[in-house]
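To keep things clear, I will list the structure first and then write my remarks on it.
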There are 2 protein chains.
Amino acid sequence: MASGGGVQVSNKQVILKDYVTGFPKESDMELRTTTITLKLPQGSTGLLVKNLYLSCDPYMRSRLSKQDRLSYVDSFKPGSPMNGYGVARVLESGNPEFNPGDLVWGFTGWEEYSVLTATESLFKIHNTDVPLSYYTGLLGMPGLTAYAGFYEICSPKKGETVFVSAASGAVGQLVGQFAKLTGCYVVGSAGSKQKVDLLKNKFGFDEAFNYKEEPDLDAALRRYFPDGIDIYFENVGGKMLDAVLLNMRLKGRIAACGMISQYNLEQAEGVHNLMAVVAKQIRMEGFLVFSYYHLHGKFLETVLPYIKEGKITYVEDVVEGLENAPAALIGLFSGRNVGKQVVVVSRE
Amino acid sequence: MASGGGVQVSNKQVILKDYVTGFPKESDMELRTTTITLKLPQGSTGLLVKNLYLSCDPYMRSRLSKQDRLSYVDSFKPGSPMNGYGVARVLESGNPEFNPGDLVWGFTGWEEYSVLTATESLFKIHNTDVPLSYYTGLLGMPGLTAYAGFYEICSPKKGETVFVSAASGAVGQLVGQFAKLTGCYVVGSAGSKQKVDLLKNKFGFDEAFNYKEEPDLDAALRRYFPDGIDIYFENVGGKMLDAVLLNMRLKGRIAACGMISQYNLEQAEGVHNLMAVVAKQIRMEGFLVFSYYHLHGKFLETVLPYIKEGKITYVEDVVEGLENAPAALIGLFSGRNVGKQVVVVSRE
C-alpha cells in the first residue's frame, strides 16, 4: 500500500510495559504490531533501516527500571519500543555518509524497521566476510568492551595471572582469549558445566570452574591461583568480588566492567574485603565502552586478522524472531544463554 | 655502671602482652623497665640510638593482631617491645653513613634506647629549623603518604572538588592543604566540633563537617558537593565510602589510604554502592607509602619552603612520656587525638 511515496508495511515492536523492580519477567514486555511507511520524513537527516540482528546485553537491565543515581544510560520509555545495539540494512538515507544498501551497527530499535536520527552512534560495516551477527558481539560493543577493558584498564603483562567472571559471556570469552594471546595464565568462572567446557575446550582458558558448585569461592580461587591474581576482569560483583579481593596480588588490577549478580537485587550485597585495595595496593577501575569508541578502528585492525587466522573464536546463542527477544533478554540474568545472546529479526 | 666499655642504663619499653581482637585497650600493652648497655655489639653495622619522638599511626592497629591475609606489615611480637616510626639521636654507629650525634627518622623501638639494624629504613635529618617532631608527621611517613597519595594517585587538577575523611589527622590535614595549593575546592570530615573548626580556620578547608552529627552521610555530601566529588582521599572506609560512591563524579578518583572505621570490627562492614565504580568510571586505587620512598627528597624540597613561607601548617597532639604511649595509640581509634599523635620519649 503506497502512502506519500512510501510503501506501508507492518512493523513488529517490543514494548516495555512499565518499569521493572526485582527480577524482570517476559510479561514486563509485550509485542505490538504497528505500521510504518517506508519513507523518511521530508528533510530528515536520519536513516530508515531494516533491523537484522539485535543484541541482548546485561547493561540493559538498568534501562528496564526507573532512572536512579547509578544509571549511566537512559531508561526505556514505558509504552514505547525498546532499543539497543543491533545490525541493520539502510533502506533510505538523509545523511550523505550513508547510502541505501549499507550495513550498519549501533543503536537501533527493537522493531523490524526503525527511523534512526542519532547517526553519530552508527558504524558502517565494511567487512562482511565474517558473520554479520558478530557486529552485535565480537566486532561490536561487547568486543570493544573486552578490548578496551583488558588492554587499556588492566595493563596486562606476559606471564601474569588473569581471572574472568561470567567468562563465557559476550565480553568474557574475548577477554580470556586476549589474555592467552598476551601470554597470561587465565581462569574463568561460569554457571554451568557446558559453559565451563566451552571455556576450557573452545576458548583456551587454562582452567575454568562452575561457581554454582563452589561452596567457598575463596577456596576455589586459592586452588586455581595459589600465588594470587594479577588481573581480575569483573563482570559479576557481590560475593565473587569479595572472594577475589582476598586473592589479589600486590599491585593487582581490577577492570570493573559490570556486576550482573547485583542487577536484580533491591539492594546490592555488601562487599567486605575492600581493605585489600589498600593492603595490596590494588587499582580497581570502572569503565564504559562509550569512552573508547575512538579505538574501534584499531580494535578491528587487531581482531579481524585474529578471526581469519582462527586465533580468536566466538560463540553466540542465537534466537530467531523478534517475538523471542524478551525471553532472550531475561535469560541473561538467569544465565540461560550460552555465549553472546543475539536475536535474529530478519535474515533478509 | 660500666659493662664491656659501655654504660648500663635503664631502658623503659612498651610491650604488647598478647594479640588483640576487637577494640584495643591500654591493658593490652604494658610498660617494662629493662637495662641496656650503651655500646653496640662488636662488629655491628647498626646504630645505637636514643629515641626522642614516637609516632602513633592507624596502620599500627593491624600489627596488634595476629597476621592475616590483609596484613601488610608484620604483627608486633607478644612479649617484645613494639616499634614504629620515630625520631632518634644516634649515639653510636657501625654504619659509615651515620655518625654519633646525627638525628634520624624511621623505624625504631617503643623504648628509650634502641639498637637498630635495619638502617636502610632510616633517613638522616638535615633540616632542624623545624620542630623535630614533624619528622614523625608532616615531614615523615604521614607527610609522604599525603603527598604521594594526593599527587601520584589522585591526579588532581585545578578547580576539581576534593573530599577528605579523617581530615584533621596526620595525613588528612596535609591532603587538604595540598588540595588548596592546587586550586581545588576541598571539604573534610572529622569527629568533633573542635576538629571541624581546625579544618576550616587553621587548614583552610573550604568546608568541613562532623560526621557524627550527620544522620545521613549521603545528604551531607550532597550538601557540600551539589555537583559531585572528583577526588576522594579515603581514610575511613565503611559507611562513608558507601555514601561517597553515590556522590562521585564521572571519572572520579579515590585514593584508598586507610579504612580506620573498620579496623576494630570482627568483620568489616559491607559496602553496597560499588556499581558506582562502573557507572561513573571511577578509579579507586590503594597505595602504601613504602612504594613512594624514592619521592622523599622531592617531597622535602616541595614542602619545606611551604612550611617556611607559612603556606602549610601542622597540628600535633603531643603526649609526654613513653608510659603514655599505649593510651595515645588507642586514642587514635576513638578519635581522641586532635591532629597528629606524637609521643615524646625524651626532649634530650
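Where a number appears in this text, it was derived from the coordinates with a stated rule and is not lab data. Model, not experiment: these values are computed from the prediction. Methodologically, a virtual Cβ is constructed for each residue, glycine included, from the backbone with ideal geometry; neighbour enumeration extends over all protein chains shown.
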Item checked: Shielding by other protein chains, B:18-29, mean Cβ within 10 Å -> 0
Item checked: Residue-span extension gain [B:Leu250 to B:Ser155] - 0.36 nm each, minus C-alpha spacing -> 32.8 nm
Note to self: I'd like the mean, over residues of B:262-275, of how many other protein chain beta carbons sit within 10 Å of each residue's own Cβ.
What the structure shows: 6
Note to self: Using 19 Å as the Cα-Cα cut-off, could you pick out the over-long pairs in B:Lys193/B:Lys340; B:Lys157/B:Lys308; A:Lys124/B:Lys280?
What the structure shows: B:Lys157/B:Lys308; A:Lys124/B:Lys280
Item checked: Computed [θ] at 222 nm, helices only, for chain B once each DSSP H run of length n ≥ 4 contributes -39500 (n - 2.57) -> -6000 deg cm²/dmol
Notebook entry, point to check: Sorting A:Lys195, A:Lys157, A:Lys202 on the 10 Å Cβ count, fewest up front, what's the list?
Noted result: A:Lys157, A:Lys202, A:Lys195
Check: Listed highest first by mean packing, meaning other Cβ atoms within 10 Å per residue, what order do A:244-256, B:133-145 come in?
Finding: B:133-145, A:244-256
Next item on the list: Quote the FRET efficiency, to the nearest 0.05, computed for A:Ser10 versus A:Ser121 with a Förster distance R0 of 22 Å and r equal to the Cβ-Cβ distance.
Entry: 0.25
Item checked: Segment A:Lys298-A:Thr21, length gained on full extension (0.36 nm per residue, minus Cα span) -> 95.8 nm
Next item on the list: Starting from the Cα of B:Glu213, step 7 Å along the direction of its Cβ; do the same at B:Ser44; then give the gap between the two resulting points in nm.
Entry: 5.2 nm
Margin query: Need the full-extension length gain, A:Asp129 to A:Lys193, defined as separation in residues times 0.36 nm minus the C-alpha distance. One decimal, nm.
Written below: 19.8 nm
Notebook entry, point to check: What ranking of A:Arg89, B:Arg63 emerges when the number of other C-beta atoms within 10 Å of each C-beta is taken as an exposure proxy, fewest first?
Noted result: A:Arg89, B:Arg63
Checklist line | For B:Gln67, distant residues with modelled amide H under 5 Å away | finding: B:Ser75
Item checked: Residues in segment B:11-34 reached by a label modelled at B:Leu265 [backbone nitrogen below 14 Å; 7 Å Cα→Cβ] -> B:22-23
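Using Cβ contacts closer than 10 Å as the measure, can you line up B:Val289, A:Val343 from fewest to most? Before the final figure, lay out the partial values.
Details: B:Val289 22, A:Val343 28.
Ordered from fewest to most neighbouring Cβ atoms within 10 Å, B:Val289, A:Val343 come out as B:Val289, A:Val343.
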Note to self: Using amide H atoms built in the peptide plane, which far-off residues or other-chain residues are under 5 Å from B:Val319 H to H?
What the structure shows: B:Val342, B:Val343, B:Val344
Check: Averaged over peptide A:282-291, how many Cβ atoms belonging to another chain are found within 10 Å of each residue's Cβ?
Finding: 6
Notebook entry, point to check: Cα-based Rg (one decimal) and Dmax (whole number) for chain B, in Å?
Noted result: 20.8, 70
Checklist line | Among B:Val338, B:Val49, B:Val271, residue whose mean-square fluctuation peaks in a GNM of chain B (springs only between Cα atoms under 10 Å) | finding: B:Val271
